[in-house]
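Just so it is clear, none of the values below were taken in a lab; they were calculated from the coordinates. Source: prediction; values computed, not measured. For neighbour counting, all protein chains shown are included, and Cβ atoms are generated from backbone atoms with ideal geometry for every residue, glycine included.
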Amino acid sequence: MAKALDSVPPAFPSERTIRLSQAASRTAEEVADYLMEIGQKLARYACPSYRIEQLLRALAADEDHDASVFAVPTALFVTVRPRHVIAGAAHVRPVHRMERLDGWSIDLDRLIAIDEIFNDVAAGRRTIDSGRVELRRLDERPAPYPELVKLVASFALSAAAAVFFRGGLVEVLAAGGIALVVHLLAAGLTRRPSGGHLVDFAGAFVASSVALLVARWVPTSAREVMVLAGMIALFPGMTFTTGLAEIAQKHLVSGGARLVEAMMTFLSLVFGIALSIAGYHALFGPPHVSPARVALPLPFQLLALIAVSFGFGVAFAVPRRWLWAALVSGATSYVVTSTATRFLPAHLASFLASFVVCTVANGLARKTGRPAQLFQLPGMMLLVPGSFGFLSLDDFVHGDFMSGAARGVQMLLIAGGLVMGVLFANLVLPAKKML
């Protein structure tokens, strides 16, 4: 009998068995370092804290380890311990890692690259060491668009925003020109170590000053439209909405930090505009009241939709082969919002638009195997209530407390509708991927 058993050829190990064996051979230090590098990159490219925590825990489990992760916008804490400790090694202690995080911006091109790297590692197509090498190379990865294209996109984004704010041709051209000046000013300030903290204040001051001068030369133009559209890229609407989403996910520290960041940005913008108006008042007297605005015809609206989708696609570094995703997302947001606002209050329309945009994004993510944020962010940016928050604080500065309070409540309702729409969309049609 023994001889018969010995004659049976050994079974070849399955891919899963090999994968688990490789994972078990990795030390907690290797896994912790790997998780820290992924977490830092995700935070740098604007991944929400709750997604970072979920993803790092899942990656640790895939490597046969347990991880405790705590992510906030300014720091990342990771503790890793092996799931199975061999006999006599009960004294093995968990591995702790902590890194200070500094600054973030939306970069979907690099976010897609990170997604590909850790999926290759999880599938065994790449080792952890080679994955870490590729993660470090991301900082050297060239931007998908040259600086000239970014300038054109900045002009297109603000010009299109002026159309959506019911501006005329003068406001459209002025807003685009203001955006170019603000973009160049921001590029110059960020070259200095402490200059980046003044971008919002300086951008708002310049935008308001240019708008006041244009309104003085062209009395029929609307100063508010030129200011709002010209500095649309400075509004922290996505930061504010992300903060509310993190609080809804019970990530109170991270969400609270983002809300405070958004509030400080709003204050910087309002103070820059207030200083500009004070200077204008001292030189020329009080600015004139803006005339009533009339929306441009539908062809201009459609052209603006294409321009704003292109602008957000470039601003968010959407890879060129995926630019169509920005147009689909923006068109979905525009069609649902423009239709819903005819029959529903603004906050209910924002809920419906957010739900539809995120459901479509999750469906496309499941179909293409790409992160849902690629299909979600451009459309969501058309919905975030950044202008309401700015106008609310602007009313308070001018002493119109009733209007400021009303706009502030409206901003909270719209932002709440956006967050609830995202949560319901993830319940109805969740994306297969964590990003």
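Here Glu30, Glu147 are placed in order of increasing Cβ neighbour count within 10 Å, fewest first, which gives Glu147, Glu30.
Note: the stretch 260-370, Cα convex hull, 188 Å³ per residue.
Compute log10 of I(q)/I(0) for the stretch 37-175 with the Debye formula, placing one identical point scatterer on every Cα and leaving out solvent, at q = 0.10, 0.11, 0.14 Å⁻¹, to two decimals. After summing over all Cα pairs, the log10 values are -0.49, -0.57, -0.78. Where does helix 15-24 land angle-wise versus the long Cα axis of the chain, in degrees 0 to 90, nearest 10? Approximately 80 degrees, to the nearest ten. Binning the C-alpha pair distances of the stretch 155-294 at 10 Å intervals from 0 yields a P(r) profile of 13, 36, 33, 15, 3, 0 %, listed from the shortest bin outward.
Relative to the compact-globule scaling 2.2 N^0.38 Å, provide the ratio for the alpha-carbon radius of gyration of the chain. Numbers along the way, then the final one.
On the way: Rg = 25.1 Å, N = 435, 2.2 N^0.38 = 22.1 Å.
Normalised Cα radius of gyration, the chain: 1.13.
Annotated for the chain: lysine pairs at least 8 residues apart or interchain, Cα distance under 26 Å, count 9.
Model label sites at Glu140 and Ala282, defined 7 Å from Cα along the beta-carbon direction, differ in position by 5.1 nm. Among Val289, Val210, Val357, the largest mean-square fluctuation in a Gaussian network model of the chain, built with springs joining Cα atoms closer than 10 Å, belongs to Val289.
With a 10 Å radius around each residue's Cβ, average the other Cβ atoms per peptide and rank 43-52, 97-106, highest first.
My ranking of the peptides, most packed first, is 43-52, 97-106.
When peptides 32-42, 364-374 are sorted by average Cβ neighbour count within 10 Å, with the highest value leading, the order is 32-42, 364-374. Dividing the summed helix terms, -39500 (n - 2.57) for each DSSP H run of n ≥ 4, by the number of residues in the chain produces a 222 nm estimate of -22000 deg cm²/dmol to the nearest 500.
For the stretch 318-435, what ratio Rg/Rh do Cα atoms give with a Kirkwood hydrodynamic radius?
Details: Rg = 15.8 Å, Rh = 14.9 Å.
Result: Rg/Rh = 1.06.
Rounded to the nearest Hz, the phi-derived 3J(HN,Hα) couplings of the stretch 423-435 under the Karplus curve 6.51 cos²θ - 1.76 cosθ + 1.60 (θ = phi - 60°) are 5, 5, 5, 5, 7, 6, 9, x, 6, 5, 9, 7, 8, where x marks glycine and proline. Note on Met263/Gln301: beta-carbon distance plugged into 1/(1 + (r/R0)^6) with R0 of 30 Å gives a FRET efficiency of 0.40.
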